[in-house]
Amino acid sequence: MDRIEALLAGRQYLPDSKLQVSYEAGCANIKLGNDRSQKVIVERRQNCYLFTSTVLSAGRVASLRRDLPDFVDRMWRRNQQTDVVNFTFDRENRLIGRIEHPADTLDAEELYFYLSRLAIECDRLEFVMTGQNRF
């Protein structure tokens, strides 16, 4: 995690974007503009970095599962539309966006790209599904 902290130390914006970033203790807060933001959790798991961001709470997921075929179809289509972000459920049954990358080869450009893509894609799906900015 020292590598991530070094790459984000003192950085206020993600390169090649107007996205503001602040990072502390494994959590990057990405400001997307128009009072919209997304939190990205960064974890090291063995030989990989795992980047996750919440799209829907477990309660919201449960309410959407009443129409399970439509919900599954929507998630399947969304995963087809994104090359980098995978949408799945975590242990707490929240809908999350997820990116995994080998730790030894992660460079600055990849880190910045992953943070921006994950924040944008999760925020977009969250807004499409709820009309709100909750995470």
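The values are calculated or read from the model by the stated rules, or taken from the named source; none is laboratory data. As the structure is a prediction and not an experimental result, all values here were calculated from the model. Every residue, glycine among them, receives a Cβ derived from its backbone with ideal geometry; neighbour counts consider all protein chains shown. These accessible areas exclude ligands, DNA and RNA; they are computed on the full protein's heavy atoms, side chains included. Shrake-Rupley method; radii C 1.70, N 1.55, O 1.52, S 1.80 Å.
By a 1.4 Å probe calculation restricted to protein chains, Asp83 has an accessible surface near 150 Å², given to the nearest 10. In terms of the Cα gyration tensor, with a ≥ b ≥ c the square roots of its eigenvalues, is the chain rounded because a/c is under 1.5, prolate because a/b exceeds b/c, or oblate? Judged from the Cα gyration tensor, the chain comes out prolate (a/c at least 1.5, a/b above b/c). Phi angles of the stretch 16-28 translate, via the Karplus equation with coefficients 6.51, -1.76, 1.60 and θ = phi - 60°, into HN-Hα couplings of 6, 8, 9, 7, 7, 9, 9, 9, 7, 6, x, 10, 9 Hz per residue; Gly and Pro are given as x. Apolar share of the accessible surface for the stretch 72-135: 44 percent from carbon plus sulfur atoms, 1.4 Å probe. Taking a ≥ b ≥ c as the square roots of the eigenvalues of the Cα gyration tensor, the stretch 1-71 is oblate, since a/c reaches 1.5 or more and a/b is not larger than b/c. Met129 exposes around 30 Å² of accessible area when a 1.4 Å probe is run over every protein chain in place. Subtracting the Cα-Cα distance of Tyr13 and Ser57 from their residue separation scaled by 0.36 nm leaves 13.1 nm. Here is the list for the stretch 13-88: trypsin sites (Lys or Arg not before Pro) lying in DSSP coil, each with at most 13 other C-beta atoms within 10 angstrom of its C-beta, are Lys18.
Across the stretch 30-135, Cα pairs under 8 Å and at least six residues apart give a relative contact order of 36 percent. The residues of the stretch 1-85 have, on average, 64 Å² of accessible surface per residue, using a 1.4 Å probe with all protein chains present.
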